[in-house]
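Derivation of every value follows stated rules applied to the coordinates shown; laboratory data play no part. None of these values were measured; they are calculated from a predicted model. Glycine also receives a Cβ, built like all others from the backbone with ideal geometry; neighbour counts cover every protein chain displayed.
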Amino acid sequence: MLLLTVATVLMLQHYHPQMPDPMAAHFDGSGRPNGYQSRDGFFLLAGAIVLLVVVIFAFVGLLFRAVPTHLVNLPNRDYWLAPERRASTIEFMTHQMEWFGVGTMILLVSVLWLAMEANLTPDPTLDPSTMWWLLGAYFVFSALWLIHFVGKFRSARETDGS
């Protein structure tokens, strides 16, 4: 996540001076711009969203540690959050959320990059097929991540081998 954040900041710094003002900031399903924003407004919003994603996924582990067991909605909660397993369960959940954050950040950075690349042309247009591929890849990533995450917390008997 740290590497992605640094790379994103460098990308934003690289593109900022090259962008028109105003710039196309929103595109319809065909890839045509249907919303414009000042260059500085676009980059401030992009930076704020990146920061929000980083903060949410970086600090979710602290939240997991602070939430009382009875407030956690997890299959076989009492088993997985028993005192002898709580630390390893929280560690697993934290690690998995960090990976979900990485996937989310990759989607965000990719969309920002596409928007900035589109604005380098006289007639800014996004390739809708590229957006669909990105969204499809994120959907597949999310589904696989969810299967892995929930799979970890199958019945306690299956994991104990009893």
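What is the list of residues in the range 1-23 whose amide nitrogen lies under 20 Å from a point 7 angstrom out from the Cα of Thr130, following Cα to Cβ? Within reach of a label on Thr130: 7-21, 23. Using the Cβ-Cβ distance between Leu3 and Leu62 with R0 set to 22 Å, the FRET efficiency works out to roughly 0.55.
Dividing the alpha-carbon radius of gyration of the chain by the rule-of-thumb value 2.2 N^0.38 Å gives 1.32. Coordinate range of the alpha-carbon atoms in the range 1-41 per principal axis, descending: 33, 23, 14 Å. For the chain, averaging the sequence separation of C-alpha pairs within contact (under 8 Å, six or more residues apart) and dividing by the residue count gives a relative contact order of 30 percent.
So for the range 1-121, taking the charge dipole from beta-carbon charges (+1 Lys/Arg, -1 Asp/Glu), which of Pro17, Leu108, Val72 sits furthest toward the positive end? With unit charges placed on the Cβ atoms, the residue in question is Val72. Each 5 Å bin from zero holds the following percent of Cα-Cα pairs in the range 1-82: 3, 12, 15, 14, 13, 11, 8, 8, 8, 6, 2, 0. From its DSSP helices (H runs of at least four residues, each -39,500 (n - 2.57)), the chain gives a residue-normalised ellipticity at 222 nm of -23500 deg cm²/dmol.
Projected area of the range 99-139, taken from the Cα convex hull and averaged over every viewing direction, in nm²?
2.7
The long axis of helix 39-66 is offset from the longest Cα principal axis of the chain by roughly 0 degrees.
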